[in-house]
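Have a look at the structure below, then the notes.
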There are 2 protein chains.
Amino acid sequence: MEQSHDYNISDRQRHILSIIIEEYVSHARPVASEQIVSGYQLNVSSATVRNDMAELERVGLIVQPHTSAGRVPSERGYRYFVENLMHPKALPQDEQRKIRHQFHQVEMEADEWVRLATSILSRTVHSAALATAPRSTAVRLKHFELLAISESRIMLVLVGHDGTVAQQMLHVDEEWTQEELSALAGHLNAALSGKTSQEIDSWVNQPDNLHSILTIAPSVLVTLSGMLGKLERHETAEIYHEGLANILNEPEFRQPERMQQILELFEHGHVWTSIIPSIINQDGVQVIIGDEAMGEGMRACSVVLARYGLGEHLAGVLGVVGPTRMPYSRSVSSVRYMSQLLSDLLQKSYNSPFSGQGETQSE
Amino acid sequence: MEQSHDYNISDRQRHILSIIIEEYVSHARPVASEQIVSGYQLNVSSATVRNDMAELERVGLIVQPHTSAGRVPSERGYRYFVENLMHPKALPQDEQRKIRHQFHQVEMEADEWVRLATSILSRTVHSAALATAPRSTAVRLKHFELLAISESRIMLVLVGHDGTVAQQMLHVDEEWTQEELSALAGHLNAALSGKTSQEIDSWVNQPDNLHSILTIAPSVLVTLSGMLGKLERHETAEIYHEGLANILNEPEFRQPERMQQILELFEHGHVWTSIIPSIINQDGVQVIIGDEAMGEGMRACSVVLARYGLGEHLAGVLGVVGPTRMPYSRSVSSVRYMSQLLSDLLQKSYNSPFSGQGETQSE
DNA sequence: GTTAGCACTCGTGACAAGAGAGTGCTAGGC
DNA sequence: GCCTAGCACTCTCTTGTCACGAGTGCTAAC
């Protein structure tokens, strides 16, 4: 997806491409040659621009909806723009200040900051924003409980050292009393507290540790380690979103099927599960245009994402979703600024958090 | 909101109102007198129907968008229909079977059943469906943890006897080590496990119980009891929703502001917080038409809700959201059937659940 | 390589006209 | 007193036509 074509086009053609994208993004209608020469200092005539546009169309960077219409950027055009032509500047000082102000207005917790960040983001870029709740990427077991639910069901509730929680149901053949389960949980808690998913796995593999264990213990342990793993991979992290109305109002989502697809994206988180882990392990802002990385149906829709967080502790993903006709430069700056700001806030508020087993919280 | 007006109208007028609603619901366009006499066996002429319609309009049950248009039901018209004219029949056998089939297809947990229920509901009524996750309305403390997050922050994580969890941050003046916190938590857990919010409150008020307690204990206890209370009132219950696209496609939500309102309803749960507790304490299906109980902006939108669950254990709310022009009879039957089915499923799968302190799970 | 000029294509908006939908009213019938 | 046929009136919706304008591609000249 990063083929970084050159397309063999002249500087002026590149410039024209930029202009077409800029104009199309802001006015949502095909851009004409005359419009380009009149609005920008190109020092050439519209005829020349037309020739250049014909060339840009030949290489596939722009398309013409019909004869006698202006040109519209293609997906490849946007991609080229994002990779070679765009120079996202930092967000203007006053906007930065306005945003910071909203955060400092109220005293809040990490989750709510993230929620507020999606809200602010959706308003600054006028499109939908989303973010995953901040989670540690290296979760240690703090405590777990086994609860008898019915004859054959046990619920396992887990608390991580950073306060994350997870629940899962376990099916068993025999019947267990709550007392037996509590005893088992107590026993295992003492042995496993402070361990990561991997450490639990290797603890299980040491033969010494298995003799005093009840028959359901192995499945409990497997489940436990699996749950910690899911937490680490952020598979269970809630996804906040806001500003859907902003993009559903865009002309390109007026058709029912398009709208359907967008809503699918937000109603069912599973579209993200493949993307988020890859974002969370990268630095910088990632731009996904059209259906480049999402399912086929995601045409007409682009996503700008970045990781936020504190090292491997308490990290998440945040970004904006909009039509392919999106102000990429502004989106990228906003997402970058917001992820930075959020990271700083978390840093300040949770300084030296969860290091080691959480046995101290000194500076 | 339950004034149950009579309006002094004849049987035929009532019948005509029913027909207008039925026709308008299915075709979304004003209903004409001729359309009524031709489609239904009324044995009167269209002129007579017109006279009756004039009367129905006079009392405010129907309105005319403009001269020379048919009639459209008003909000009061719908309300009258729902209360006096509608006879929701049980869902057809084959539909019931189809729905049950989808549930029995897969082995699942309570949460996922509820999620599946919203999904099925949204498809059977072709509109948006929502449900709150099943929660106990009488939560007993199973266990809680205190986690040192930073100098002045402690996270309190609570596990209920039914597996529900809650987290909350606590601000403190002094600095506590994780060891101190764990010791305190251990001490209090031993004393409070199995207690409800109220029982904790009264335990706190017994003077004997306060001597051996560290200085932060009071705020821990207050927080703890508050968190249990919120769980009981379902304030923290997640709200699942599905099928937004179904209703956003309806002609009445094509205007941006309307769409905005609907999305607001689903993006921010707070609109529901006032309604859900009142639904969960009632039996039967509740119909909210227009802005009767929601904020002003909720015009053009109706909600059909019902409680599901097992007595006071593991209950929730489920229902459908659609335009006021909604097939109320079908919605009511569907919601009723679904809530019944879900209750049965939970019953069978969690038989004799969480009774008392959860110390046994025998039949 | 650039540009002026021009022919050609297509979408768009305005406008009129007509059809048709539906009503309210009136006068007459049971 | 209730019902109905008939009719005039009002509005909306559709359709067709037409002219305009936007935009292009091409060609020939600079």
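Each value in this text was obtained by applying a stated rule to the coordinates, not by laboratory testing. Computed from a prediction, not measured in an experiment: that's the story for all the values here. Cβ sites come from the backbone with ideal geometry, for glycine too, and all protein chains shown count toward neighbours.
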Output row for B:Asn249: copy-to-copy label distances, label 7 Å along Cα→C-beta, ascending, in nanometres, one decimal, is 2.3
The helix B:256-267 Cα axis meets the longest alpha-carbon principal axis of chain B at an angle in degrees, between 0 and 90 and rounded to 10, of 30 degrees
Checking the range B:1-101 for trypsin sites (Lys or Arg not before Pro) in a loop per DSSP with at most 12 other beta-carbon atoms within 10 Å yields B:Lys89
Taking a ≥ b ≥ c as the square roots of the eigenvalues of the Cα gyration tensor, with a/c under 1.5 meaning rounded and otherwise prolate when a/b exceeds b/c and oblate if not, the protein assembly as shown is oblate
Which residues qualify? For A:Cys301, with a placed amide H closer than 5 Å and at least 5 residues away or on another chain, they are A:Gly290, A:Thr324
Going residue by residue through the range B:125-137, the Karplus relation 6.51 cos²θ - 1.76 cosθ + 1.60 with θ = phi - 60° gives ³J(HN,Hα) values, rounded to whole Hz and with x marking Gly or Pro, of 9, 6, 8, 7, 10, 9, 7, 8, 4, x, 9, 6, 9
Low-density loop trypsin sites (Lys or Arg not before Pro), the range B:231-310, at most 11 other Cβ within 10 Å, DSSP non-H/G/I/E/B, are B:Arg254
In degrees rounded to 10, the 0-90 angle between helix B:46-58 Cα long axis and the longest Cα principal axis of chain B is 40 degrees
Listed residues A:Ile279, A:Ile21, A:Ile149; largest mean-square fluctuation, Gaussian network over chain A with Cα springs below 10 Å, found at A:Ile149
Where a ≥ b ≥ c are root eigenvalues of the Cα gyration tensor, a/c under 1.5 meaning rounded, otherwise prolate if a/b exceeds b/c and oblate otherwise, the range A:105-149 counts as prolate
Low-density loop GluC sites (Glu not before Pro), the range A:1-94, at most 11 other Cβ within 10 Å, DSSP non-H/G/I/E/B, are A:Glu2
Taking Rh as the Kirkwood radius computed over alpha-carbon pairs of the range B:51-157 and applying Stokes-Einstein at 4 °C with viscosity 1.567 mPa s, one gets a diffusion coefficient in µm² s⁻¹ of 66 µm²/s
The distance between the Cα centres of the range B:284-317 and the range A:1-76, in whole Å, is 53 Å
Partner lysines whose C-alpha sits under 25 Å from that of A:Lys142, ignoring same-chain residues fewer than 8 away, are A:Lys195, A:Lys230, A:Lys348, B:Lys142, B:Lys195, B:Lys230
Per residue of B:98-108, other chain Cβ atoms within 10 Å number on average 0
Straight-line reach check, A:Lys98, cutoff 17 Å on alpha carbons, 8 or more apart in-chain or any other chain, hits among aspartates and glutamates -> A:Glu107, A:Asp344
One would report the Cα pair-distance distribution of chain A, bin width 20 Å, in %, as 25, 44, 23, 7, 0
Expected vector for the range A:76-87, Karplus 3J(HN,Hα) from phi with 6.51, -1.76, 1.60 and θ = phi - 60°, integer Hz, x for Gly and Pro, equals 5, x, 4, 4, 4, 4, 4, 7, 10, 10, 7, 10
So for the range A:1-89, using the alpha carbon gyration tensor with a ≥ b ≥ c as root eigenvalues (a/c under 1.5 gives rounded; past that, a/b versus b/c decides prolate or oblate), I'd call it rounded
CD proxy, 222 nm, the protein assembly as shown: helix-only mean residue ellipticity via -39,500 (n - 2.57) per DSSP H run with n ≥ 4, per residue, nearest 500, stands at -13500 deg cm²/dmol
Most fluctuating of B:Gln286, B:Gln64, B:Gln105 in the GNM of chain B (C-alpha, under 10 Å) is B:Gln105
With Cα coordinates, the longest principal axis of chain B makes an angle with the long axis of helix B:178-192, in degrees rounded to 10, of 70 degrees
The range A:146-203: relative contact order from alpha carbon pairs under 8 Å, six or more residues apart, as a whole percent, is 30 percent
With the charge dipole of the protein assembly as shown built from beta-carbon charges (+1 for Lys and Arg, -1 for Asp and Glu) about the Cα centre, the Cα from B:Ser150, A:Leu42, B:Asn84 projecting farthest to the positive end belongs to A:Leu42
At 20 °C and 1.002 mPa s, the Stokes-Einstein diffusion coefficient in µm²/s for the range A:161-251, with hydrodynamic radius from the Kirkwood sum on alpha carbon pairs, is 136 µm²/s
